[in-house]
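Just below is one structure, and these are the notes that go with it.
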Amino acid sequence: MIDAYQDAGLKNQELAVVSALVLGDDDGVSPALIQSFSATGTLHVLSVSGMHVALIYSCVMWLFSRLFKKAGGKWFVPLMVLMFIWMYAILTGLSPAVQRAAMMITLLLVGKTYSDSTDTWNLLSGSFMLLVAFEPNLIRDAGFQLSYVSVAGIIGFYPWLYRQYLPTNTVSNLIWQSTCVALAAQTFTFPFSLY
């Protein structure tokens, strides 16, 4: 993948940033650039997270559901999507946040294949139990803890926070939604970060 980026004309820090954003490989990012991202509060952008996996899932699901509408019944598209999601997770190094997102998507697709409804709290707790069952030491990983706590904040606190102000137009609604997601995640992760 990095060779493909180089062939496309990327080099030096541009190549390092794209590799960090897409693949989670931040080895080439200079300390000065890392400090710049840190000073602006955007350092997390340089690591592959659950959001990346969710974006990949959305794009792949949309593409595969259009390309293979009638192929293989109800299992073909979910299996193709799961294969793609886990290949991406492995490609990016299986960080704890990526493992959480990939496992939640796996449970979501299995649940939607058997039933039309899925409960987000069940997806979160089910993915937690499965990952810890496979690798018990994950529970000690700060990234693993922060990933679960931030998603719990988004699931639990975001709906209440969002209802406190109802924007009148689309742009202000998008800004308010983004603000609420960030505040919900930060509110729950702040005590863990301090600890």
Please go through the stretch 107-130 and give me each residue that is in contact with a Phe, Trp or Tyr (Cβ under 8 Å, 6 or more places away or on another chain) and more than 22 Å from residue 195 (Cα to Cα), ordered by number.
113, 124
Out of all the residues in the stretch 159-172, is one or more touching a helix residue (DSSP H, G or I) at 6+ places or on another chain (Cβ under 7 Å) and of a type in the set (D, E, K, R)?
no
For the subset of the stretch 139-153 comprising residues that are surrounded by 19 or more Cβ atoms within 10 Å (Cβ to Cβ) and without any contact (Cβ under 8 Å) to a residue 60 or more places away in the chain, which member is nearest to residue 97 (Cα to Cα)?
144
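Rundown of residues vs (1) in contact (Cβ under 8 Å) with a residue 40 or more places away in the chain; (2) among the hydrophobic types (A, V, I, L, M, F, W, C); (3) more than 27 Å from residue 159 (Cβ to Cβ), yes/no style:
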{"position": "85", "(1), (2), (3)": "no, yes, no"}
{"position": "90", "(1), (2), (3)": "no, yes, yes"}
{"position": "113", "(1), (2), (3)": "no, no, no"}
{"position": "124", "(1), (2), (3)": "no, yes, no"}
Number of positions in the stretch 67-92 that are within 18 Å of residue 132 (Cα to Cα) and surrounded by 13 or more Cβ atoms within 10 Å (Cβ to Cβ):
2
Run down 83, 87, 103 and say which single residue is at pLDDT 80 or above, in contact with a Leu (Cβ under 7 Å, 6 or more places away or on another chain) and assigned to a helix (DSSP H, G or I).
103
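Within the bounds of the stretch 177-188, is there any residue that is in contact with a Ser or Thr (Cβ under 7 Å, 6 or more places away or on another chain), assigned to a helix (DSSP H, G or I) and of a type in the set (A, V, I, L, M)?
Yes, that holds for at least one residue.
The values are calculated or read from the model by the stated rules, or taken from the named source; none is laboratory data. Predicted model, so just to flag it, every value in this text is computed and none were measured. With ideal geometry, Cβ positions are generated from the backbone for all residues, glycine too; neighbour counts draw on all protein chains shown.
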